[in-house]
Each structure stands twice: as structure tokens, then as C-alpha cells.
Amino acid sequence: MKSLRISKTTVDMHLLAQYVELCKPKVVLLLLLTAVVGMHLASPRLVDPLIFITATVGIGLAACSAAIVNHVVDQNIDVLMRRTQRRPIPSGAINSFQALLFSLVLAVMAMAILWYWVNSLTALLTLAGLIGYALVYTLYLKHATPQNIVIGGLSGALPPLLGWTSVTNSIDREAVLLVIIIFVWTPAHFWALAIDRVEDYKRANIPMLPVTHGIEFTKWNVLFYTLALYLVSLIPYVIGMSGLLYLLAAIGLGAWFLYYAVELKFFTKPGSALKTFYVSIAYLFYLFIALLVDHYLPLQWQW
């Protein structure tokens, strides 16, 4: 009996882990970081604990819901790609109906929490982001154009705006700037991975840029967007949104990311594309941490 209980517990924990994987937790955590920073930048003092908790939970649940729909829609593609073959649905651990039901429950919970405890603007913007990623990008854009990640990237860039509106109940230029930073970051980030996984995308017949226009053209685009991101990342200091601490961080982090984008284009080594992809993730994480630290430290000197 004891061994049967242990076996059942093991199975339950494995199934739970599969449901967690459906939510793409690493991606969601990065999105939530940008949302949390948006909340704090919108407030001159610490964010109200109730708003902080409910907005974070609501935005997080919505992001999980969108990720699950992505799993369901892409299951036939995932079977063909090395990095996705073991996902919960292609592996048979969870079926489509179970996944969609889970997604629906999370979406309803997210909307209820945001509408009741935060505000209607944040709830509606979150719903728009969920629909944009789960349906517009996943169902249509991903298969329709090599610019899919550029156009569809807007949905993934919304979290700092959602964090901002959860505190202010308004759309302000500072929040839009945070969206623009992530929007410009997304192509360089994703196309670096697409270069590394180009054969997978060819097998799955997905028109990612390195498939349709070639790897060298994609490298030029990664470099272009990284340069554009470098410039855009300096704007918070230029408009007085952030201070010297952030400026120094943006200059250093931008140079770091740019170094790998240049290496990818002109001095490619084995694994350069994947390295650039991972650097891009760290870049965004540290950049938003710098925004947050700068906001609360008195180091606000101006040149």
C-alpha cells in the first residue's frame, strides 16, 4: 500500500510538472518582471500591496493562459522540432481538451482578478494581449509572414504597460516607452534563436526570417535591431524618466548585447546564435532591474 501511495504521488507530481510546463514559466517570469517594474515606475513610493499582488497574479495567469493556447495550436509543429518534441501535448502527457480547459480557467480567473481588484483598463489591455498572442500571432501571423515576430511582438511587449496601468489607470508616455523597448528587443532576441533552430523551422514549414531570407540576412536584422535597441534604451534618461544609474547600466548592457550581435554577424563561432539569444534574455532582465533600482535610489544626477 505504501509503495502504491508513493507511486501515485510520483505520478501526480509528474502531471503537475507537465501543467506547469504548459505555462512556459521561464517566459512568464520574465514578462512578470517587466510588469512589476512598470508598477513601481508608475508610483513615486512603494506600490500598494493589494494592487501589487492582484495585478501580478492576474497578469501572470493571463500570460500562462496564452502560453497554453500556443502549446495547443502548435502541437503538430512541436512534434517536428527537436526542442519541442517533449512538450506535454506532443509527448501525450496532456491532451488538447485538458490544456484548453486549463487555459480557459486561468483566463477567466485572470480577468476576474484584474477587473474586480485592479481596474477595467488593465483587464481589457491584458485580454487584448492574450488574444493577440494566443490567436493573432499563434494562429495566423506565425504562418503568414517572416515578419511574424515583429508584428506579433507587440503582445509580448505589453506587460510593463499593464503594470503601469494597474497603478495609474492611465496610459502614459513612460509606459509606452517601456513597451517600445521590449518591442524593439524582441526581433533581435527571437531571430538569434531562429538562426540556431533554422532546420527545425524548415521541417515545420514555418516562414521564420532565416528560412525565407537566409541566415546572413537574418544576422543583419539582428544587428540592426540591437543597434536600434541601444538607442531606444537611452531615451528614459533623455526624457528624465530615469537617472544616471540607469544611463550607465543601459550603456554597459547595450554594449554587451551589441558585442554578441556583431560577433554573430561578422565573427561567427559555433553556438554564436544561441549565445546571443541567452545574452538577450539577460540583457532585458538586467535593464529592467536597473530601471527599478534607479527609481528608488537617490542617485539622480543629471549631466
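Counting other Cβ atoms within 10 Å as a rough exposure proxy, the listed residues Phe102, Phe217, Phe190 run Phe217, Phe102, Phe190 from fewest neighbours to most. Here the spin labels are modelled as points 7 Å beyond Cα on the Cα-Cβ line, and at Glu216 and Ala228 they lie 2.2 nm apart. Spatially close Lys pairs in the chain, defined by Cα atoms under 17 Å apart and a spacing of eight or more places or different chains, total 5. Contact order for the range 20-169, expressed relative to its length and based on alpha carbon pairs under 8 Å spaced 6+ residues apart, stands at 38 percent. Above 26 Å, the calculated P(r) of the range 172-303 contains 28 percent of its Cα-Cα pairs. Can you give me the Cα centroid spacing of the range 119-137 and the range 187-236 in angstrom? The range 119-137 and the range 187-236 have Cα centres spaced 25 Å from each other. With an 8 Å cut-off on Cα pairs and a minimum separation of 6 or more residues, tell me the relative contact order of the chain in percent. That works out to 19 percent.
Only helices enter the 222 nm calculation for the chain: every DSSP H run of n ≥ 4 contributes -39,500 (n - 2.57), and dividing by all residues gives -23500 deg cm²/dmol, rounded to 500. Computed from phi, the 3J(HN,Hα) profile of the range 210-225 under the Karplus parametrisation 6.51, -1.76, 1.60 (θ = phi - 60°) reads x, 6, 7, 10, x, 5, 5, 4, 5, 4, 4, 5, 4, 5, 4, 5 Hz, with x in place of Gly and Pro.
Would you mind calculating the relative contact order of the range 172-303 from Cα pairs under 8 angstrom and at least 6 residues apart, reporting the percent as a whole number? Once normalised by length, the contact order is 29 percent. In this rough spin-label picture, where each label sits 7 Å from Cα along the Cβ direction, the Trp256-Glu199 distance is 3.2 nm. Applying the Karplus relation 6.51 cos²θ - 1.76 cosθ + 1.60 with θ = phi - 60° to the range 181-192 yields 3J(HN,Hα) values of 4, 5, 4, 6, 5, 4, x, 4, 5, 6, 5, 4 Hz, where x marks Gly and Pro.
Extending 7 Å from Cα along the Cβ direction at Ile171 and again at Tyr19 yields two label points whose distance is 3.5 nm.
Residue by residue, the range 91-102 carries 3J(HN,Hα) couplings of 6, x, 5, 9, 8, 4, 4, 4, 5, 5, 5, 4 Hz when phi is fed to the Karplus relation 6.51 cos²θ - 1.76 cosθ + 1.60 (θ = phi - 60°); x denotes Gly or Pro.
For Ser43, Ser170, Ser280, the sequence from fewest to most other C-beta atoms within 10 Å is Ser170, Ser43, Ser280. Each residue in Trp117, Trp191 was given a count of other beta-carbon atoms within 10 angstrom of its own, and listing them fewest first yields Trp117, Trp191. Which shape class, rounded, prolate or oblate, goes with the range 20-169 when its Cα gyration tensor gives a ≥ b ≥ c as root eigenvalues, a/c under 1.5 marks rounded, and past that a/b bigger than b/c marks prolate? Because a/c hits 1.5 or more and a/b exceeds b/c, the range 20-169 counts as prolate. I'm spelling it out carefully: the read-out is Rg and Dmax of the Cα atoms in Å, the candidates are [x] 20.2, 72; [y] 19.9, 60; [z] 19.6, 63, and one was derived from this structure. Which label? After the calculation, the listed value that fits is [x]. Comparing Leu284, Ala93, Gly129 along the charge dipole axis of the chain, the residue lying farthest to the positive side is Ala93, per the Cβ-charge model. One decimal place: the segment Phe285-Ile239 gains 14.4 nm when fully extended, by the rule 0.36 nm per residue minus the C-alpha distance.
Read-outs: derived from the displayed coordinates by stated rules, not from any lab. Just so you know, these numbers come straight off a predicted model, no measurement behind them. So basically every Cβ, Gly included, is an ideal-geometry build from the backbone, and we count neighbours across all protein chains shown.
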